[in-house]
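Undergrad: Sharing a structure with you now.
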Amino acid sequence: MALERLFRRKRPSGENRDVPELWTKCEACGAQLYKKEFRENLYVCPKCGHHHRMSAAERVAMLADEGTFQETTRLAPLDPLGFVDTKPYAERLQAYQKETGRKDAILGGTCAIGGVPSVLLVMDYAFAGGSMGSVVGEEIARGVERAAAEERALVIVAASGGARMQEAALSLMQMAKTVMSLDLLWAKRLPYVSILTDPTTGGVTASFAALADVIFAEPGALIGFAGPRVIRQTIRQELPEGFQRAEFLLKHGMVDRVTDRRQLKGELVRALRHLHPGVPYAPGV
Amino acid sequence: MPLEFEKPILELEKRIQELKETARTTGVDLEAEIRLLEERLARLKQEIYGHLTPWQRVQLARAPGRPTTLDVLEKAFRDFLELHGDRAFADDPAIVGGLAYLEGEKVVVVGHQKGRDTKENLRRNFGMPHPEGYRKAMRLMDLADRFGYPLISFIDTPGAYPGVSAEERGQAWVIAQSIQRMGRLKVPAIAVILGEGGSGGALAIGVANRVLILENAWYSVISPESCAAILWRDAKEAPKAAEALKLTAQDLLALKVVDAIIPEPEGGAHKDPDRAIQNVKEALLRTLEELKALSPEALYQDRYRRFRALGAYAES
């Protein structure tokens, strides 16, 4: 799990006190960035190319054809175990809900992507580190069912520290649930594309995210099973440069393409059009 | 090495033994004292074993001498023919499997394997598989499907190995694939959690029609130590995490994550491994009988529905 990253998450924020709302700084190279341009550049630093995290809503806006997205996610989390650590899970949920305006860590719905009818599911890292509990698992399974029933492609944007600890074994079971639901797409020859963003680890990588027909990863994204801290503790050595980054996964054969976010929609559309049996031959559209 | 909470029992047992020895060698009548101590022992056992905390059960699940997959294969099955290797990279000693008979039934077996001593534990990486282990498991699932033999899996792992080589070879990918492969079986699949059911590394061979668990085994999304290290920022809070995670057999039965609990002898399976293995065998035979009536398609659907139904959420 890469939950440690959650605690030192830094949002692109105005460090300059004089004009806090206009400027921000690149997390990687420190370049001063004009916020409006930074946003238009999809939160990719124009100087060094670092891909900053973006919200689930912005992801939807970036990938769905304009005006086509209809949200279908609607489930709310419970606290089936009455989980309490240093704080009750119920309180944590409320805080995340207040902070994100979302019931749980996923935003999804139907839309067109380059004209291809799709179900688009986006995990929200800002909500409990994008962790998968019962709601995320059920929404994914329902999204798959909807795609199968309506002959849509499935696109999932993963951003998650893994399975949610506060729902323990029930979170673990979501791995099996989501994976098995994908069989519905196989049976109907419907395409499934996953996009792995920073970070995608643990039970999310080790279930539905790894099983897409085509897997994209964003440059520099941390992707893996165990989080780097756990591995460092286990082997008691420093980890090699670039370990578990998107480019490392491409080299080791785990993902199909590492694609710059500014080209992502275009490549996604090409993949969907290639795969979807309902889309006619139309190269280069 | 005895577990901490077992010590008072072991000490009392030792004193009773000593008294009996003294009585025998000296001829002094100690009958009354011995009876008194034996009554105390019975009460003490009831007190301790009757009120095990989740953390104590986690310790029992890890106790040396607890039956491993190979122990069960040796004693509950016949003519086990071990098969090795993933046909791609290596043979992973942390996962064992092969062909066997369960009474009159041909079956394919796969399971995590911990070492029974330090040397073997090192060789078997403490039951923490690498990707090649899961690829071997998938090979065995293919075999089960191809010949129509039931698949029986034994779960006993702290988790899939978190290391550089495992990540390089796609640990997450093989776990996902193994979950998918097992979910698609057209034969009866039964999983038994023998000891530790650590996260995705356990689930990878746990997508069965029926999931059985030994009374003191645990199964969860993370080990109590790792959970405590993240949420309490201190691995020493593991007892609290064990409590919060609801990882005991009884809790899992209530959550429907497991379908039945296999009883252990008093004090845990390591006190009488043969008895525990016999209980596992009986449970397997019963469960297999139940599943044999289902057609290949019905077995797939049964498994699909079983996992599809798990979770707790509110419609809104």
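The values are calculated or read from the model by the stated rules, or taken from the named source; none is laboratory data. Quick caveat, the model's predicted, so the values are computed rather than measured. Every residue, glycine among them, receives a Cβ derived from its backbone with ideal geometry; neighbour counts consider all protein chains shown. These accessible areas exclude ligands, DNA and RNA; they are computed on the full protein's heavy atoms, side chains included. Shrake-Rupley method; radii C 1.70, N 1.55, O 1.52, S 1.80 Å.
Undergrad: Which one of B:279, B:307, B:293 is farthest out on the positive end of the charge dipole of region B:272-316, using unit charges on Cβ (Lys, Arg +1; Asp, Glu -1) and the Cα centre as origin?
TA: Farthest towards the positive end: B:307.
Undergrad: As a test of reading the structure, rank B:140, B:122, B:294 by solvent-accessible area (1.4 Å probe, protein chains only), most first. Don't skip to the answer; put the middle values down first.
TA: On the way: B:140 0, B:122 115, B:294 60 Å².
Descending accessible area places them as B:122, B:294, B:140.
Undergrad: Would you mind telling me which residue in B:77, B:89, B:126 has the biggest mean-square fluctuation in a Gaussian network model of chain B, where springs connect alpha carbons within a distance under 10 angstrom?
TA: Result: B:89 has the largest fluctuation of those listed.
Undergrad: A follow-up question, please. Give, to the nearest whole percent, the P(r) tail of chain B beyond 38 angstrom, counting all Cα pairs.
TA: 19 percent
Undergrad: Taking 20 Å² as the minimum loss, tell me which residues in region A:228-256 lose that much accessible area going from the chain by itself to the full protein complex (1.4 Å probe).
TA: Residues shielded by partner chains are A:229, A:231, A:234, A:235, A:243, A:248, A:252, A:254.
Undergrad: Go ahead and set up a Gaussian network model of chain B, Cα springs under 10 Å, then flag whichever of B:88, B:249, B:241 fluctuates most.
TA: Between B:88, B:249, B:241, it is B:88 that shows the largest mean-square fluctuation.
Undergrad: If a paramagnetic tag sat 7 Å from the Cα of residue B:295 along the Cα-Cβ line, which residues of region B:88-129 would have the backbone N under 20 Å from that point?
TA: In region B:88-129, the label zone of residue B:295 (backbone N under 20 Å from the point 7 Å along Cα→Cβ) covers no residue.
Undergrad: Okay, helix-only estimate at 222 nm for chain A: each DSSP H run of n ≥ 4 adds -39500 (n - 2.57), divide by all residues, round to 500 deg cm²/dmol; what do you get?
TA: Estimated from H runs of four or more residues: -9500 deg cm²/dmol.
Undergrad: Say the dipole of chain B comes from +1 at the beta carbon of Lys and Arg and -1 at that of Asp and Glu; which of B:229, B:208, B:37 then lies farthest toward its positive end?
TA: Going by the Cα projections, it comes out as B:208.
Undergrad: Between residue B:33 and residue A:35, what is the spin-label point distance in nm, taking each point 7 Å from the Cα along the Cα→C-beta axis?
TA: 8.4 nm
Undergrad: Now for a different question. Do the sum for chain B: with -39,500 (n - 2.57) for every DSSP H run of n ≥ 4, divided by all residues, what is the mean residue ellipticity at 222 nm, to the nearest 500 deg cm²/dmol?
TA: Taken over chain B, the calculation gives -15000 deg cm²/dmol.
Undergrad: Looking at B:174, B:267, B:84, which one has the Cα that reaches farthest to the positive end of the dipole of region B:58-308 (charges on Cβ: Lys, Arg +1; Asp, Glu -1)?
TA: The listed residue farthest towards the positive side: B:174.
Undergrad: Separation of region B:35-60 and region B:206-228 by C-alpha centroid, Å?
TA: Cα centres, region B:35-60 to region B:206-228: 23 Å.
Undergrad: Hey, another quick one. Just give the residues from region B:284-316 buried by at least 20 square angstrom of accessible area in the all-chains context relative to the isolated chain, probe 1.4 Å, and say none if nothing qualifies.
TA: At a threshold of 20 Å² (probe 1.4 Å), the residues of region B:284-316 that become less exposed are B:300, B:304, B:307, B:308, B:310, B:311, B:312, B:313, B:314, B:315, B:316.
Undergrad: Translational diffusion coefficient, Stokes-Einstein: compute it for region B:130-261 using the Kirkwood radius over C-alpha pairs as Rh, at 10 °C and 1.306 mPa s, and state it as an integer in µm² s⁻¹. Provide the component values of the computation, followed by the final result.
TA: On the way: Rh = 15.3 Å.
D = 104 µm²/s.
Undergrad: When the Kirkwood radius is taken over all Cα pairs of region A:95-200, what Stokes-Einstein diffusion coefficient follows at 37 °C and 0.692 mPa s, in µm²/s? Please list the in-between numbers first.
TA: Values: Rh = 13.9 Å.
Here the translational diffusion coefficient equals 237 µm²/s.
Undergrad: Could you bin all the Cα-Cα distances of the protein assembly as shown into 10 Å bins starting at 0 and give me the percent of pairs in each, rounded to whole numbers?
TA: Pairs per bin, as whole percents: 3, 16, 26, 24, 16, 8, 4, 2, 1, 0, 0.
Undergrad: Which loop-located trypsin sites (Lys or Arg not before Pro) does region B:1-98 contain, where loop means any DSSP state but H, G, I, E or B and the Cβ has at most 13 other Cβ atoms within 10 Å?
TA: B:87
Undergrad: Here is a follow-up. Across 5 Å bins from the origin, how do the percents of Cα pairs in region B:3-158 run, short distances first?
TA: 2, 8, 13, 14, 12, 10, 9, 9, 8, 6, 5, 3, 1, 0, 0
Undergrad: In addition: Out of every Cα-Cα pair in region A:187-267, what percent are more than 19 Å apart?
TA: When all Cα pairs of region A:187-267 are counted, 38 percent exceed 19 Å.
Undergrad: Can you pull the three principal axis extents for the Cα set of region B:61-117, in Å, largest first?
TA: Projected onto the principal axes, the Cα atoms of region B:61-117 cover 33, 31, 14 Å.
Undergrad: Leaving ligands and nucleic acids out of the surface, order B:286, A:189 by accessible area at 1.4 Å, largest first.
TA: A:189, B:286
Undergrad: Next up: Please check: in the Gaussian network model of chain A (C-alpha springs, under 10 Å), which one of A:59, A:39, A:142 has the largest mean-square fluctuation.
TA: Looking only at A:59, A:39, A:142, the biggest GNM fluctuation is shown by A:39.
Undergrad: If exposed means no more than 12 neighbouring beta carbons inside 10 Å and the site is in a DSSP loop, what's the longest run of chain A without any exposed GluC sites (Glu not before Pro)?
TA: A:151-237
Undergrad: Give me the 1.4 Å probe accessible area per residue for region B:58-308, excluding ligands and nucleic acids, in Å².
TA: Details: 8930 Å² over 251 residues.
Accessible surface, normalised per residue, equals 36 Å².
Undergrad: Normalised radius of gyration for chain A, please: alpha carbon Rg relative to 2.2 N^0.38 Å, two decimal places.
TA: Cα-based Rg divided by the globular estimate yields 0.99.
Undergrad: Let's see if you can work this out: charge +1 on each Lys and Arg Cβ, -1 on each Asp and Glu Cβ, no other charges. What is the dipole magnitude of the protein assembly as shown about its Cα centre, in debye to the nearest 20?
TA: Computed about the Cα centre, the dipole is about 1300 debye.
Undergrad: Which lysines, if any, have their Cα less than 17 Å from the Cα of residue A:35, not counting same-chain residues under 8 positions apart?
TA: List returned: A:10, A:25, A:47.
Undergrad: Between chains A and B, what is the buried accessible area in Å², counting both sides, with a 1.4 Å probe and ligands, DNA and RNA left out, to the nearest 100?
TA: Looking at A and B, the buried total is near 5100 Å².
Undergrad: Run the lone-cysteine check on the protein assembly as shown: no other Cys C-beta under 4.7 Å from the residue's C-beta.
TA: That list is A:111, B:227.
Undergrad: If the only charges are +1 at each Lys and Arg Cβ and -1 at each Asp and Glu Cβ, what is the size of the charge dipole of region B:4-51 around the Cα centre, to the nearest 20 debye?
TA: Computed charge dipole of region B:4-51: roughly 40 debye.
Undergrad: Oh, and also: Calculate what fraction, in whole %, of the accessible area of region B:58-308 sits on carbon and sulfur atoms when a 1.4 Å probe is rolled over the protein chains. Show your work: numbers first, answer last.
TA: Details: 4540 of 8930 Å².
Carbon plus sulfur share of accessible area: 51 percent.
Undergrad: Mind listing which GluC sites (Glu not before Pro) in region B:255-316 are in a DSSP loop and have 13 or fewer other Cβ atoms within 10 Å? Before the final figure, lay out each step's value.
TA: Numbers: sites: B:266, B:282, B:289, B:290, B:297, B:315; in loops: B:266, B:315.
The qualifying sites are B:266, B:315.
Undergrad: Cα-based Rg (one decimal) and Dmax (whole number) for region A:60-152, in Å?
TA: Gyration radius and largest Cα-Cα distance of region A:60-152: 14.7, 48 Å.
Undergrad: Can you give the charge dipole size of chain A about its Cα centre, rounded to the nearest 20 debye, using +1 on the beta carbon of Lys and Arg and -1 on the beta carbon of Asp and Glu?
TA: Value, rounded to 20: 380 debye.
Undergrad: Just to make sure I understand: if all protein chains stay in place, what is the order of A:256, A:104, A:198 by accessible area at 1.4 Å, largest first?
TA: Result of the area sort, largest leading: A:256, A:198, A:104.
Undergrad: Between region B:112-191 and region A:176-248, how far is it from one alpha carbon centroid to the other, in angstrom?
TA: 19 Å
Undergrad: With all protein chains present, calculate the accessible area of residue A:48 using a 1.4 Å probe and round the result to the nearest 10 Å².
TA: Approximately 70 Å² of residue A:48 is accessible to the 1.4 Å probe.
Undergrad: Could you tell me what fraction of 2.2 N^0.38 Å the Cα radius of gyration of region B:71-210 comes to, as a two-decimal ratio? Spell out each step's value before the answer.
TA: Details: Rg = 13.7 Å, N = 140, 2.2 N^0.38 = 14.4 Å.
Expressed relative to 2.2 N^0.38 Å, the Cα Rg reads 0.95.
Undergrad: For region B:4-51, just list the percent of Cα-Cα distances falling in each 5 Å bin from zero outward, please.
TA: 5, 22, 28, 20, 12, 8, 4, 1
Undergrad: To continue, here is another question. Heavy atoms of the protein only, probe of 1.4 Å, neighbouring chains included. What is the accessible area of residue A:214 in Å², nearest 10?
TA: Accessible surface of residue A:214 is approximately 30 Å².
Undergrad: Accessible area per residue, 1.4 Å probe, Å², for region B:4-51: what's the number?
TA: 73 Å²
Undergrad: Extension gain residue A:66-residue A:234, at 0.36 nm per residue separation less the Cα-Cα distance, in nm? Could the numbers behind the result be given before it?
TA: Details: separation 168, 0.36 × 168 = 60.48 nm, distance 4.69 nm.
Gain in length upon complete extension: 55.8 nm.
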